[in-house]
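The values are calculated or read from the model by the stated rules, or taken from the named source; none is laboratory data. All figures in this text were calculated on a predicted structure; none of them were measured in a lab. Heads up: the accessible areas ignore ligands, DNA and RNA and are worked out on the full protein's heavy atoms, side chains in. Shrake-Rupley method; radii C 1.70, N 1.55, O 1.52, S 1.80 Å.
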Amino acid sequence: MSLEEISKHVGCSKDTIRVWIKKDKIPFHKVGRQYKFRISEVDFWIESGASADADKKNILEGTNHE
């Protein structure tokens, strides 16, 4: 699947997927200059709970913890 297709499948924005790619959170494959995703790998990643951890870290990094 393409980045656009996987963002629809997962239910989040393409920007969120790009952040997860940069932080190596979501399973992906790079084909030339494009990112490709296997539904089975992404579904397993979601079912394992790793996607929830990726979201928590994004939220925590965006807040000020003083």
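Worth a mention:
- ³J(HN,Hα), Karplus 6.51/-1.76/1.60, whole Hz, each residue of the range 35-42, x for Gly, Pro: 9, 10, 9, 9, 4, 4, 5, 5
- The residues of the range 5-59 expose on average 69 square angstrom of accessible surface per residue, using a 1.4 Å probe on protein heavy atoms.
- Rg and Dmax of the range 1-44, Cα atoms only, in Å: 9.3, 25
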